[in-house]
Amino acid sequence: MPRGGKKGHKGRGKQFSNPEEIDRQMKAQRELEANGGVEKEEEKSSGSDDSSSEEEDINKKKSGVEGLIEIENPNRISQKSKKVTELDVNAPKELSRREREEIEKQKAKERYMKLHLEGKTDQARADLARLAIIKKQREDAQKKRDGLKKEKEAEDSKSKR
């Protein structure tokens with residue numbers, strides 16, 4: 001049996017590029033090579049911001065080894081930076097699953113404690129019943145002590161006479 005913790009990738013799903021997308025990219029590359037930098041100036045004057053920003057990301061000068069090696073990886077996701085004007089500071093922040101569960105747990109605990117203090121939970125009812133029994137037992141014991149004390153005082157007063 002082989003040792004080591006490395007496992008194969010046989011179960012992973014494969015991603016394939018759309019043929020139309022590949023053709024469109026190849027056309028754009030050919031036009032870029034044929035026109036040079038003229039295409040960029042025409043797009044800026046036409047006013048199509050969305051398409052020009054996408055092609056600027058593709059056409060930007062690659063630094064280091066990226067400029068020497070041409071890589072066509074359809075699985076690679078290019079990171080697009082957001083502009084300051086696109087950022088929404090007032091938007092509610094998405095909470096992680098753990099944070100959401102923690103908040104829900106705290107709210108549930110607070111609701112339970114509120115109901116418990118009002119005496120509406122089963123545990124609160126059981127506690128109140130137990131307290132009532134204990135209170136009654138204490139009252140009975142107090143009455144019994146008082147009765148014994150009165151009897152003792154009565155005997156003492158008879159013996160003194």
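The values are calculated or read from the model by the stated rules, or taken from the named source; none is laboratory data. These numbers come from a predicted model, not from an experiment. All Cβ positions, glycine included, derive from the backbone under ideal geometry; neighbour counts span all protein chains shown. When the accessible area is computed, the model is the full protein with side chains, heavy atoms only, and any ligands, DNA or RNA have been set aside. Shrake-Rupley method; radii C 1.70, N 1.55, O 1.52, S 1.80 Å.
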Please report the accessible area of Leu117 (heavy atoms, 1.4 Å probe, ligands and nucleic acids excluded) in Å², nearest 10. 140
In Å and from the alpha-carbon atoms only, list the Rg and Dmax of segment 95-160. 25.0, 84
Restricting to DSSP loop positions (anything but H, G, I, E, B) with no more than 16 other Cβ atoms inside 10 Å of their own Cβ, which trypsin sites (Lys or Arg not before Pro) remain in segment 76-157? Arg76, Lys80, Lys82, Lys83, Lys93, Lys120
So what's the Cα pair-distance distribution over segment 76-121, bin width 10 Å, in %? 20, 22, 24, 16, 10, 6
Quick one: of Lys27/Lys82; Lys10/Lys105; Lys27/Lys80; Lys14/Lys80; Lys107/Lys136, which pairs are farther than 31 Å apart, Cα to Cα? Lys10/Lys105; Lys107/Lys136
